[in-house]
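What follows is calculated from the coordinates using simple rules that are stated; it is not laboratory data. In this text, all values refer to a predicted model and were calculated from it rather than measured experimentally. We place every Cβ from the backbone using ideal geometry, glycine too, and count neighbours over all the protein chains shown.
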Amino acid sequence: MYTFQDILMRLKQYWAERGCIVQEPYDVEVGAGTMCPETFLRVLGPQPYRVAYIQPSRRPADGRYGENPNRLYKHWQLQVILKPSPEDIQEQYLDSLRAIGIDLRKHDIKFEEDNWESPTLGAWGIGWQVMLDGLEITQFTYFQQCGGLDLDVVPVELTYGMERLAAFLQNKSSVYDIEWAPGITYGQVRRADELQFSVYNFELADVPTLWRLFELHEGECRRLLDAWPQYPDKRRFPLLAAYDQVLKCSHLFNLLDSRGALSVTERAAVIGRVRKLAVGVAEAWLEQLRLEEAA
Amino acid sequence: MTDLAFLLEIGTEEIPDWMIPPALEDLRTSFQRLVEERGVAGDGLAIQVDATPRRLVLRAGPLAERQPDREEWVLGPPRSAAFRDGQPTPAAEGFARKMGVAVTDLVVRETPRGEYVACRRVTPGRPTRDILAEALPDLILGIHFPKTMYWTGKGGPRFIRPIRWLVALLGDEIVPFELAGVRSGNHTRGHRLLGSDRIPVTLATYSDQLRQNYVLVSAEERRRKIEEGIEKLLAGTGLRLRPDRALLDTLVYLTEYPTPILGSFDREFLSLPEEVLVTVMRHHQKYFSVEDAEGRLAPFFIAVMNTDADPEGLVRQGNERVLQARFTDARFFWEVDQQKKLEDRVPMLAQVTYQAKLGTYLDKAHRMVRLGRRLARMLKADPRPVERAALLAKCDLTTEMVKEFTELQGIMGGLYARRQGEPEEVWRAIYEHYRPESMEDAIPGTLTGCLVSLADKLDALQGCFRVGLIPSGSRDPFALRRAAQGVVRILVEARLPLPLRRLLGKDQALIEFFEDRLRYYFREVRGFAYDEVNAVLAAGWDDLTDLESRLEALRQVRPTENFEPLAVSFKRIKNILRQANWPATPDSACQVREEKLEAGPEKELWGAFQRVRREVRRRRRNKEYREALEAIASLRPAVDQFFDKVLVNAPDPEIRQNRLNLLSHLLSEFSSIADFSEIVTRQEEK
């Protein structure tokens, strides 16, 4: 039986053999692997790129104090971006499942319609949720737009839900029983994390502070975006730093949401604010890429 | 010339199941149009379309091998300019050269403009294979899908999912073309995991070869395989399938080689409401539910795999584990939600936006209470249960269960209300207040339920129309058509004599929107003729039960001998009045002066009119519309006589005015049940 870390390593190995750079997780809180610059910014422009990385993804509202066997505040995604998407991508994907020991001949695989959309990133794509014996294990998406821009080259994004896959492979009914490394369970590694962050996210996070932080990060991002048009040497302009501020805003938005601090109207308005920043960075980034190309 | 059969297979990545049947129809229609327009459709052309999630297939035949040759006359110069003294001029020689014939081959033809030199030109028909090769790429990309993607890069072709292979065979030959970088050929692919991915096929062997590679091309065959498989699974178990046609359709188009399996779940979950269990199974896992001999939900489910077997039971175990987790979630929600009563959730509705311009759900709940009360009073029913149910109806939107399983809205509210001791009248009204959700769905089963449902839907319609959220074309994000259709069905089918038009107020757009729904309902659902519906609507509408009675009466009276001729006369009256610029509805100045009536047909018509008017008024008061219409129809001989013998446009203006007044009274008095001038008579149809 493969441990959780075996599965992670095998999948990374598999995609490394298919030309992917293996990256490490991004060091700013994100809600999904898609938000990392390695996806959000790399899919823009015409340059081919292939990357695979594990991204612990934080969704404050999904926390359950470490008590629900299937729901987590933070879960591990394996994110794979292939740009452009190869023609045999579905077969390559199925082979990746074989690489972690799934005998597909003995299981039921379905590709069921599920189009992905992230209003905060101005991004959407067309694709499926991949179902293995009735369990959703992967989100499979052909990106169409990112940062509100039509993409030049269509990348495919594969997002594996690692806890679900591991629980499936190890035949566990609770993610906390997953064997992370020999003799060590997922629960031993992560339960305190889940409990404490649930308490913070639902009970103790200070709403006025979150709002203040949100506005500070938003302001910093806007300051940079405002400076961009006049900046003399655009190739050295810190758009990546501006994007970090977008990620901070997005995470703070999620925290405000889990604290129940947002009415529906407010929610839509804040999504709009974050989206505006993301779109601003994406547009500037494309311009910077063109300048890079020209140089 | 030989006739050929044609096969097209568009091999794709998995197409969403619900989009497949309409796409196939679209493919069929555009292919038929193509071959007919190009003149290559053979006699008795038959087109068959099939699909699995990974392929759209069209088979057609017979097709001609090539288009027929086209013969035409090309006109040259006029005869006078082409020949001088019997000798060809340079003009004639030039024309012959251009046409590539000898001057002696030119002939003279008579045309409307005179005699011209002409030459017969034969354009050979093109081979069907070339025509198809040229037309198929656009034809394929032209198949309509609700949402498309691009995959080869910006500006590339758009389709529902990437196209990965193409089979195009006309007879034994490949129809060569290229689409999105894929060249057509004669190789198909089998089942992803069980079949070969490169199978050479011919027209004759296509289906069988795919079957050997675990692909059933025919949706019917897959449907049968699922149904028979389920029968076999349940034989001798004492369990029965709960049939679900929509789910079966989904599974048919979600699989290439479907095989059902039987799984089970822990009996303890049966303590949850059946609605919750069935929703989780159906909507979230695409499982069929199973019941025992007494019709109670049994702790089993049927899943349909896209593979041939589950010999080690791994697929079953996997599905069981997923369902267990889902049910565990549902039980958690059920328990958490009980901690706060629906009543205590009312203030929470202030946090849920209904629509930006229409306020929160709390605002909506209050509006529903007021409207519900008004409706109940109009029907002289007790308003209290309606008010109570309307107040609580939307509270389940704040429950965890409905946040997770939105399909359960209304139903959960009803179930929680029942557990919290609300009377049956109230909890059932909450439970059913979204009904009817489709044309097939039942309307609420109680009066209270009907009134809460009406209050909900009328509030949505009035509110959205007021702030300009009016459906147009296929855009109807708030499902207002369904809401209006629901209002119509509830009023008619529950026989509620409510003044709909008065309730709608003065919003002309909304009134017309409802008239469209009424036309649709009475014509398409109830089978009334379109002119009958128009006639009854034109006579005015408010209470739909009354509208329905008038329609029924009209349908009964229509075939009687006097009716249609009278309708013709009414049309004539309408025309006469219009031409004379005379009011169609008489006012006080339009009194008929008896002393001015001429003895004979005119006096007789007046007499008949008065007699019939008395009877019609009495009948109409008693809602005896058939009798009223029969009485009106009995006027026919008097009307016919009148038009035969009497000149409306009499020279004496007073007599003329009097006659017009008589006709105007006749028309308005007898058009209040149905406007006969809307009736299309058999005579007119010819």
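Scan region B:242-332 for GluC sites (Glu not before Pro) in coil per DSSP, keeping those whose Cβ has at most 11 other Cβ atoms within 10 Å, and list them by number. All intermediate terms of the calculation are to be shown ahead of the outcome.
Numbers: sites: B:Glu256, B:Glu268, B:Glu274, B:Glu275, B:Glu291, B:Glu294, B:Glu312, B:Glu320; in loops: B:Glu256, B:Glu294, B:Glu312.
Here the GluC sites (Glu not before Pro) that fit, given the DSSP loop and packing criteria, are B:Glu294, B:Glu312.
Once label points are set 7 Å from the Cα along Cα→Cβ at both A:Glu203 and B:Val101, what is their separation, rounded to one decimal in nm?
So the two model labels end up 10.0 nm from each other.
Just going by the charge dipole of region B:343-496, with Lys and Arg at +1 and Asp and Glu at -1 on Cβ, which of B:Pro477, B:Met412, B:Gly372 is farthest out on the positive end?
Of the listed residues, the answer is B:Gly372.
Report the FRET efficiency, 1/(1 + (r/R0)^6), for A:Arg212 and B:Gln48, where r is their Cβ-Cβ distance and R0 is 60 Å, rounded to 0.05.
0.35
What is the extension gain from B:Arg555 to B:Asp543, computed as 0.36 nm multiplied by their sequence separation minus the C-alpha to C-alpha distance, in nm to one decimal?
Details: separation 12, 0.36 × 12 = 4.32 nm, distance 1.87 nm.
Computed gain between B:Arg555 and B:Asp543 is 2.5 nm.
Of the residues A:Gln47, A:Gln129, A:Gln230, which exhibits the maximal mean-square fluctuation in a Gaussian network model of chain A defined by a 10 Å Cα contact cut-off?
A:Gln230
For a paramagnetic label modelled at 7 Å from the Cα of B:Ala5 toward its Cβ, which residues of region B:188-221 fall within the zone defined by backbone nitrogen distances under 12 Å?
Under cut-off, by backbone N: B:202-208.
Hey, with R₀ at 60 Å, roughly what FRET efficiency would B:Ala235 and B:Arg611 work out to, going by the Cβ-Cβ distance, to 0.05?
E between B:Ala235 and B:Arg611, to the nearest 0.05, is 0.25.
Which loop trypsin sites (Lys or Arg not before Pro) in region B:451-553, with loop taken from DSSP, have no more than 14 other Cβ atoms within 10 angstrom of their Cβ?
B:Arg495, B:Lys506, B:Arg526
So how strong a dipole does the protein assembly as shown carry about its Cα centre when Lys and Arg Cβ are +1 and Asp and Glu Cβ are -1, to the nearest 20 debye?
On the way: 135 positive and 145 negative charges, 488 e Å.
Charge dipole of the protein assembly as shown: 2340 debye, to the nearest 20.
Hey, what number do you get for chain A at 222 nm if only DSSP H runs of n ≥ 4 count, each worth -39500 (n - 2.57), divided across all residues, to the nearest 500?
It lands at -14000 deg cm²/dmol.
Is the protein assembly as shown best put as rounded, prolate or oblate by its Cα gyration tensor, with a ≥ b ≥ c the root eigenvalues, rounded for a/c under 1.5, and otherwise prolate when a/b is larger than b/c, oblate when not?
Details: a/c = 1.93, a/b = 1.24, b/c = 1.56.
Since a/c reaches 1.5 but b/c is at least a/b, the shape of the protein assembly as shown is classed as oblate.
Provide the convex hull volume over Cα atoms per residue for chain B, in Å³.
Residue-normalised Cα hull volume stands at 278 Å³.
Quick one: net charge around B:Ala5, please, counting Lys, Arg +1 and Asp, Glu -1 for every other residue with C-beta under 13 Å from its C-beta.
Working: positive: B:Arg59, B:Arg129; negative: B:Asp3, B:Glu65, B:Asp172, B:Glu173.
With Lys, Arg at +1 and Asp, Glu at -1, the neighbours total -2.
So if each residue of separation counts as 0.36 nm, and I subtract the Cα-Cα distance between B:Phe478 and B:Asn622, what length gain in nm does that give? Each step should come with its number before you reach the end.
Working: separation 144, 0.36 × 144 = 51.84 nm, distance 4.02 nm.
Value of the extension gain: 47.8 nm.
Could you check the simple spin-label distance between A:Glu87 and B:Arg120, using points 7 Å along Cα→Cβ, in nm with one decimal?
Label-label distance for A:Glu87 and B:Arg120, simple model: 5.0 nm.
What share of all Cα pairs of region A:205-294, in percent, falls into each consecutive 5 Å distance bin?
That works out to 3, 14, 24, 21, 14, 10, 7, 5, 2, 0, in percent per bin.
To the nearest whole number, what is the average tally of beta carbon atoms from other chains within 10 Å of the beta carbons of peptide A:122-132? Don't skip to the answer; put the middle values down first.
Values: counts 0, 0, 0, 1, 9, 4, 4, 0, 1, 7, 3.
Across the residues of A:122-132, the mean count of other-chain Cβ atoms within 10 Å is 3.
Test of understanding: what is the full-extension gain from B:Arg370 to B:Asp138, defined as 0.36 nm times their sequence separation minus their Cα-Cα distance?
77.9 nm
What's the magnitude of the charge dipole for region A:205-294 around its Cα centre, counting Lys and Arg as +1 and Asp and Glu as -1 at the beta-carbon? Answer in Debye, nearest 20.
80
List the equivalent ellipsoid semi-axes of region A:1-92 in whole Å, largest first, each obtained as the square root of 5λ for an eigenvalue λ of the Cα gyration tensor.
Equivalent ellipsoid semi-axes, largest first: 26, 18, 11 Å.
Hey, got a sec? Which trypsin sites (Lys or Arg not before Pro) in region B:206-311 land in a DSSP loop and have at most 13 other Cβ atoms within 10 Å? Write down the numbers at each step before the final one.
Numbers: sites: B:Arg211, B:Arg222, B:Arg223, B:Arg224, B:Lys225, B:Lys232, B:Arg240, B:Arg245, B:Arg267, B:Arg282, B:Lys286, B:Arg296; in loops: B:Lys286, B:Arg296.
Those satisfying the criteria are B:Arg296.
Set the bar at 25 Å for Cα to Cα. Now go through B:Lys596/B:Lys623; B:Lys574/B:Lys645; A:Lys276/B:Lys357; A:Lys83/B:Lys286 and name every pair that lies beyond it.
Numbers: B:Lys596/B:Lys623 35 Å; B:Lys574/B:Lys645 19 Å; A:Lys276/B:Lys357 23 Å; A:Lys83/B:Lys286 33 Å.
From the list (B:Lys596/B:Lys623; B:Lys574/B:Lys645; A:Lys276/B:Lys357; A:Lys83/B:Lys286), the Cα-Cα distance tops 25 Å for B:Lys596/B:Lys623; A:Lys83/B:Lys286.
What percent of all Cα-Cα pairs in region B:80-192 falls in each 5 Å bin, counting up from 0?
Bins of 5 Å from zero give 2, 9, 14, 12, 10, 6, 5, 5, 7, 8, 9, 7, 3, 2, 0, 0, 0 percent of pairs.
Quick one: if you stick a label point 7 Å off each Cα along the C-beta vector at B:Asp292 and B:Gln351, how many nm between them?
4.1
Which FRET efficiency value, to the nearest 0.05, is calculated for A:Tyr231 and B:Ala599 with the Förster distance at 60 angstrom and r the Cβ-Cβ distance?
0.05
Can you give the direction-averaged projected area of the convex hull of the alpha-carbon atoms in region B:70-123, in nm²?
3.6
Helix-only mean residue ellipticity at 222 nm, chain B, DSSP H runs n ≥ 4 weighted -39,500 (n - 2.57), per residue, nearest 500. What is it?
Per the formula, -14000 deg cm²/dmol.
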